[in-house]
Amino acid sequence: MLKSIYLVFIVLFFTSCSSSKLTSINNYLDISKQNKQYTSDSCAFDSYIISRANSEYGDIFIEHFSLNSNCEWNGFQRSYFDNLFKEKTAIKTMVALERIDFPSYEFSTYLINDKYILNLIYEYAANKNTFILDYKGELFSEMIKKFDKNYKNKYLEYQRFSSRYNSSLVNQNIIKNYFNEEIEPLD
């Protein structure tokens, strides 16, 4: 019995250590010291947005939140983020030029108003969501290279989109109904 318990702890220890993500945003930017603007909704916790300038990566916008286990999305998360971003920045056209998927990550490159390039990094796991707008494209490229060493961002030299986006899916949820609490029927 004691050997079985010991074996379980050893397996859990090594599994936990091996599953640490090399691509987590925290490995690139120390967001713990950033000025977070906390957001709130009855379905979300650990929710905030960050708008910051970085000498290495340029302007970055981050929205992070986790949904409570009794809540669910009413549609596709990234589409909701894309639509809110487009609405709040008065973008006329936003066309996906490139979308690259890896486990728990989606990397998208957009052509904005037929002229500018913008990169979006979407990290997801269970009920956790992180959206990162990378206006310069450097963080985007660096994170993809952790999955694909041969990746070359062919859009880095194009004219980049810039905005002061500062909206939140969590704060807009009460109006837009992106996610809601699941209601269990009474028997």
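The values are calculated or read from the model by the stated rules, or taken from the named source; none is laboratory data. In this text the structure is predicted, and so the values were computed from the model without any measurement. No Cβ is skipped: glycine too gets one built from the backbone with ideal geometry, and neighbour counts run over all protein chains shown. Each accessible area value is taken on the protein alone, full model and side chains, heavy atoms only, with ligands, DNA and RNA left out. Shrake-Rupley method; radii C 1.70, N 1.55, O 1.52, S 1.80 Å.
List of remarks:
- Heavy-atom accessible area for Leu111, with the other protein chains in place and a 1.4 Å probe, reaches approximately 40 Å².
- Short-range pairs are left out: with C-alpha atoms under 8 Å and at least six residues apart, the relative contact order of the range 33-187 is 27 percent.
- Summing +1 for each Lys or Arg and -1 for each Asp or Glu among the other residues whose beta-carbon sits under 12 angstrom from that of Tyr151 gives +2.
- Ordered by 1.4 Å accessible area with all protein chains kept, Asp101, Asp82 run largest first as Asp101, Asp82.
- Gain in span if fully extended, Asn35 to Lys92, counting 0.36 nm per residue against the direct Cα distance: 17.5 nm
- Model label sites at Asn177 and Ala126, defined 7 Å from Cα along the beta-carbon direction, differ in position by 2.9 nm.
- Table column - 3J(HN,Hα) (Hz), the range 55-70, Karplus curve with 6.51, -1.76, 1.60, x for Gly and Pro: 4, 7, 9, x, 6, 9, 10, 10, 10, 10, 6, 10, 8, 4, 5, 8
- With the Kirkwood sum run over all distinct C-alpha pairs, the range 41-80 has a hydrodynamic radius of 12.1 Å.
- For the range 55-147, the relative contact order is 33 percent, taking Cα pairs closer than 8 Å that sit 6 or more residues apart in sequence and dividing their mean separation by the residue count.
- Long pairs among Lys92/Lys149; Lys88/Lys115; Lys115/Lys152; Lys128/Lys149, criterion Cα-Cα beyond 29 Å: Lys92/Lys149
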